[in-house]
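What follows is one structure encoded as structure tokens, with my remarks underneath.
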Amino acid sequence: LAAGSIGNTRILKRSGLGTNNKNIGKDFFTHPQFMSLGIYDEAVNAHKGPFQAMKSNDKNFRKQGFKLENVFGPPVALSMLLPGFGKEHMDLMKDITRMACVEVAIRDKTPGEILVNSKGKTKIKKELGPQDLKTRSKGIKAIHNIFQSTGAKQIVDGGFNIGLHLMGGLGMGTDPSRSVVSPEFDLHFNRRIFCADSSVFPNAPGINPSLTVMAMSLMAAEKVLKRI
């Protein structure tokens with residue numbers, strides 16, 4: 001299995017395998033991210049640069065459970081973030097060349113759940129808990145301080161939130177009553193099925209999980225080859 005958190009959960013639930021395993025789909029994490037835009041007097045033209053060019057390594061930020069990145073997206077993406085309708089929204093879009101974008105990414109503490117109904121439709125249940133909301137507020141405050149100290153004339157917080165790093169759903173652990181995948185990367189209830197992607201994460205790490213997923217996939221491959 002390597003279809004990601006949502007895909008793996010959906011495959012197992014729709015296949016009928018592990019029907020009695022209550023842990024499938026549980027402990028779903030996303031690294032919630034919240035974008036804010038600073039509007040300046042002069043053109044920034046951030047949309048012409050690299051999609052992700054800089055990040056903050058401030059240790060105090062990481063200790064508080066968040067990090068900051070500049071991830072200025074193309075106009076079509078920013079149009080969905082900007083609040084308002086009609087003329088209000090259009091006026092903001094006219095200022096796109098004078099906008100800078102900073103996002104706060106938090107290490108979510110409140111797990112969600114991936115559900116599949118009787119018709120095979122997937123539903124995601126994911127909320128921000130009190131600690132997540134507190135961390136988000138600290139990050140947004142830091143972003144506002146950056147914009148204000150660098151001369152932004154207006155600050156616009158994104159109209160909705162996103163989650164980019166989908167993790168969990170088939171959490172790894174030694175206890176079958178609390179996990180789905182064993183440390184050998186096979187399913188507790190079916191030793192012939194292996195899983196090798198971010199769905200085995202038992203919780204959210206504090207960093208981008210890409211390299212960890214690659215490393216774990218190599219480990220899983222070794223386990224499969226030894227089993228053959």
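Filtering the stretch 185-204 to residues that are in contact (Cβ under 8 Å) with a residue 40 or more places away in the chain, more than 14 Å from Ser5 (Cβ to Cβ) and not in a strand (DSSP E or B) leaves His188, Phe189.
Condition first: open to solvent by 20 Å² or more (accessible area, probe 1.4 Å) and farther than 24 Å from Asp132 by Cβ. Now tell me which residues in the stretch 58-76 satisfy that. Answer for the stretch 58-76, where residues must be open to solvent by 20 Å² or more (accessible area, probe 1.4 Å) and farther than 24 Å from Asp132 by Cβ: Pro74, Pro75, Val76. The listed residues are Ser217, Ser177, and the only one of them that is farther than 15 Å from Leu12 by Cβ, assigned to a helix (DSSP H, G or I), among the small types (Gly, Ala, Ser) and out of contact with any strand residue (DSSP E or B) (no Cβ under 6 Å at 6 or more places or on another chain) turns out to be Ser217. Exactly one residue among Ser5, Ser79 is assigned to a helix (DSSP H, G or I), buried (at least 17 other Cβ atoms within 10 Å of the Cβ), of a type in the set (Gly, Ala, Ser) and touching a helix residue (DSSP H, G or I) at 6+ places or on another chain (Cβ under 8 Å), and that residue is Ser5. Against the condition more than 18 Å from Ile114 (Cβ to Cβ) and over 23 Å from the mean Cα position of the chain (by Cα), how does Phe189 come out, does it pass? Answer is no for this residue.
Among the numbered conditions (1) β-branched (Val, Ile, Thr); (2) under 18 Å from Ile207 (Cβ atoms); (3) without any contact (Cβ under 8 Å) to a residue 24 or more places away in the chain, the only one that Thr110 does not meet is (2). Listed by position, the strands (runs of 3 or more DSSP E) enclosed by the stretch 99-171 that each have at least 1 residues that are farther than 27 Å from Arg10 by Cα and modelled with pLDDT under 95 are 99-106, 154-157. Restricting to the stretch 8-47, give me the number of residues that are assigned to a helix (DSSP H, G or I) and more than 30 Å from His89 (Cα to Cα). Total satisfying the criteria: 8. Hey, Gly38 hits all of (1) at pLDDT below 90; (2) surrounded by 19 or more Cβ atoms within 10 Å (Cβ to Cβ) but one; which does it fall short on? All conditions pass for Gly38, except number (1).
Counting only residues that are under 13 Å from Ser182 (Cβ atoms) and open to solvent by 50 Å² or more (accessible area, probe 1.4 Å), the stretch 214-223 holds 2 of them. Which one is surrounded by the fewest Cβ atoms within 10 Å (Cβ to Cβ) among residues in the stretch 199-213 that are hydrophobic (A, V, I, L, M, F, W, C) and within 20 Å of Thr9 (Cα to Cα)? The extreme case among them is Val213.
Looking only at residues in the stretch 138-186 that are open to solvent by 60 Å² or more (accessible area, probe 1.4 Å) and small (Gly, Ala, Ser), which one is farthest from Thr110 (Cα to Cα)? Looking at residues that are open to solvent by 60 Å² or more (accessible area, probe 1.4 Å) and small (Gly, Ala, Ser), I get Ser149.
The values are calculated or read from the model by the stated rules, or taken from the named source; none is laboratory data. This structure is a prediction, so every number in the text was calculated from the model and none was measured. Cβ: placed from backbone, ideal geometry, glycine included. Neighbour counts: every protein chain shown. Note: areas computed on protein heavy atoms with side chains; ligands, DNA, RNA excluded. Shrake-Rupley method; radii C 1.70, N 1.55, O 1.52, S 1.80 Å.
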